[in-house]
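Have a look at the structure below before the remarks.
We did not get these values from a lab; they are worked out from the coordinates using the rules stated. The structure displayed is predicted, hence computed values, not measured ones. A quick note on method: Cβ atoms are made from the backbone with ideal geometry, for glycine too, and the neighbour counts reach across all protein chains shown.
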Amino acid sequence: MIPPVPSRRDAIADDLRDRIATGQLKPGERLPSETHLAAQYMVSTPTLRNALAVLQAEGLVEKTHGKGNFVRRPLHRITYVGGRRTPDAHSMDLAPLSVTVHTTRVQTRGHLAALLKMPTGTPVTELLCIGHEDERPHSLARIYVPCDLAPAAMLREPLPYEAVVTRLTELRPPPAEVREEISLRLPTPEEASTLRISSALAVLAVTRQMADITGRVVEAALLVLPGDRADAVFTTHYVIDERPMKA
């Protein structure tokens, strides 16, 4: 059986991918303009853009508005550790990243109201946390906390991420239950814009809900990790019955 002939889009993507892998195109290097590349490969501009979109979805090329396409530098991978009862670090290794925090008050609506088990329109504190590696957005988290567990002082002055986490941990009762939902999906337009990723690059989306011993939800978090830089690990610990077996 004769193998199918690759499309011009795939052939161009294969050639650029090979040039990146062999170091002909180096990390951080700007690619020639789309018009120049289209002429070089003797294709239309839409076909060339489709080829670049393949590489953008693979995380090999990133497009910066107004500047062009660049070979993406290797990014630090985040490992999300699920099933933990110590969510003070939100179960991610953020050490190589700088994290900016923007705090505001919002009202619960729809899914958020259900997640926090609060009536629609209840004010809560939202912490928008964006991780950066160098100047590039790397991860996105929206953390929601009942207002009585997030004092108004947090809204008035910006605090480092570590200080915010420490303060929330001090005010929050110890969680008795942590519930997580993990899904792989395409980013929303807002997420793709904030993280500067292709809308075709899948993201690891984690919805995390923490409740105290009374069943009250004391924190909810919506985490978005681009699929080209995220892993998820879950470990189950079993209780072993060490009582001697009856004869």
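Below 8 Å, C-alpha to C-alpha, sequence gap of six or more: please give me the relative contact order for segment 157-204 in percent. The partial results should precede the final answer.
Numbers: 22 pairs, mean separation 15.1, N = 48.
About 32 percent, as a whole number.
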Estimated vicinal HN-Hα couplings, Hz - segment 155-165 in sequence order (Karplus 6.51, -1.76, 1.60; Gly, Pro = x): 7, 8, 10, x, 10, x, 4, 4, 5, 5, 4
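What percent does the relative contact order of segment 145-247 come to when contacts are Cα pairs within less than 8 Å and at least six residues apart? Intermediate values should be presented prior to the final figure.
Details: 117 pairs, mean separation 24.3, N = 103.
Result for segment 145-247 is 24 percent.
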Filtered trypsin sites (Lys or Arg not before Pro), segment 139-247: DSSP coil and at most 11 other beta carbons within 10 Å: LYS246
Distribution of pairwise C-alpha distances over segment 8-71, 5 Å bins, in %: 4, 19, 32, 30, 13, 1
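Neighbouring Cβ atoms within 10 Å as the yardstick, rank ILE197, ILE143, ILE182 fewest first. Could you put the intermediate results ahead of the total?
Working: ILE197 26, ILE143 22, ILE182 14.
In order of increasing Cβ crowding within 10 Å: ILE182, ILE143, ILE197.
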Degrees separating the helix 45-57 axis from the principal Cα axis of the chain, which is the longest one: 40 degrees
Order of PHE234, PHE70 under a 10 Å beta carbon neighbour criterion, fewest first: PHE234, PHE70
Calculated semi-axes √(5λ) of the Cα gyration tensor in Å (choose from [x] 32, 21, 19; [y] 42, 24, 16; [z] 27, 21, 17), label: [y]
Relative contact order (%) - the chain, alpha-carbon pairs under 8 angstrom, separation at least six: 18 percent
Taking GLU180, GLU157 and counting other C-beta atoms within 10 Å, the order from fewest to most: GLU157, GLU180
Most mobile listed residue (GLN56, GLN107, GLN209) in the chain, GNM with C-alpha springs under 10 Å: GLN107
Dipole-positive endmost among LEU128, MET42, VAL233 within the chain (Cβ charges, Cα centre): MET42
